[in-house]
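K.L.:
Questions regarding the structure given below will be posed in turn.
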Amino acid sequence: HITGDIDLHDIRIINDEIYFISSQLNSILKIDYNSEKNFTVIWTPEFITYNKNIPFEDRCHLNSFCVIDNKIKYAVAVSNSNVCGGWRN
């Protein structure tokens with residue numbers, strides 16, 4: 001599946017669907033065959049602000065997530081930064 005350059009991290013299969021983290025989009029996403037981008041945003045940390053579109057810049061370096069009982073339970077980010085590259089500090 002082509003998603004473009006989205007800095008994909010951690011990937012899991014839940015109920016036969018593919019979920020993954022995009023550090024570039026600061027979000028957990030799911031492969032979506034009906035979407036123009038081939039993915040749908042499932043979750044973005046509440047401290048990541050955006051208007052119409054998820055920002056295409058690595059702000060918090062969302063890196064991993066945990067699945068319990070076939071549900072996404074936890075996500076790991078390097079920081080709670082809301083500026084491009086702010087997680088590096």
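The values are calculated or read from the model by the stated rules, or taken from the named source; none is laboratory data. Remember, predicted model here, so these are calculated numbers, not experimental data. Glycine also receives a Cβ, built like all others from the backbone with ideal geometry; neighbour counts cover every protein chain displayed. Accessible surface areas use protein heavy atoms only, side chains included; no ligands, DNA or RNA. Shrake-Rupley method; radii C 1.70, N 1.55, O 1.52, S 1.80 Å.
K.L.:
Starting from region 75-88, keep only residues that are closer than 19 Å to residue 28 by Cβ, then list their pairs with residues that are open to solvent by less than 40 Å² (accessible area, probe 1.4 Å) and among the β-branched types (Val, Ile, Thr) whose Cβ atoms are within a distance under 7 Å, requiring at least 6 positions of separation or different chains.
P.N.:
As it stands, the answer is 75/28; 82/48, since those pairs meet every condition given.
K.L.:
Looking only at region 1-22, how many residues end up being surrounded by 15 or more Cβ atoms within 10 Å (Cβ to Cβ) and under 18 Å from residue 73 (Cα atoms)?
P.N.:
7
K.L.:
On the basis of being farther than 24 Å from residue 84 by Cα and at pLDDT 95 or above, does residue 2 make the cut?
P.N.:
no
K.L.:
In this structure, is residue 79 at pLDDT 95 or above and hydroxyl-bearing (Ser, Thr, Tyr)?
P.N.:
yes
K.L.:
What is the number of the single condition among (1) modelled with pLDDT under 95; (2) assigned to a strand (DSSP E or B) that residue 72 does not meet?
P.N.:
(1)
K.L.:
Hey, residue 68 hits all of (1) touching a Lys or Arg at 6+ places or on another chain (Cβ under 7 Å); (2) farther than 18 Å from residue 5 by Cβ; (3) exposed (fewer than 15 other Cβ atoms within 10 Å of the Cβ) but one; which does it fall short on?
P.N.:
All conditions pass for residue 68, except number (1).
K.L.:
Evaluate the following for residue 53: is it farther than 12 Å from residue 20 by Cα, under 14 Å from the mean Cα position of the chain (by Cα) and among the polar types (S, T, N, Q)?
P.N.:
Yes.
K.L.:
If you go through region 75-89 one residue at a time, how many are open to solvent by 60 Å² or more (accessible area, probe 1.4 Å) and assigned to a strand (DSSP E or B)?
P.N.:
Qualifying residue count, region 75-89: 1.
K.L.:
How about region 23-39: which of its residues are modelled with pLDDT of 90 or more and either open to solvent by 70 Å² or more (accessible area, probe 1.4 Å) or assigned to a loop (DSSP other than H, G, I, E, B) (or both)?
P.N.:
Once the filter is applied, which keeps residues that are modelled with pLDDT of 90 or more and either open to solvent by 70 Å² or more (accessible area, probe 1.4 Å) or assigned to a loop (DSSP other than H, G, I, E, B) (or both), region 23-39 yields 23, 24, 25, 26.
K.L.:
Answer yes or no as to whether residue 37 is of a type in the set (D, E, K, R) and in contact (Cβ under 8 Å) with a residue 24 or more places away in the chain.
P.N.:
Answer is yes for this residue.
K.L.:
Taking region 40-63 as the region of interest, how many residues are open to solvent by 40 Å² or more (accessible area, probe 1.4 Å), touching a residue at least 24 places away in the same chain (Cβ under 8 Å) and out of contact with any Cys (no Cβ under 8 Å at 6 or more places or on another chain)?
P.N.:
Looking only at that region, the number is 5.
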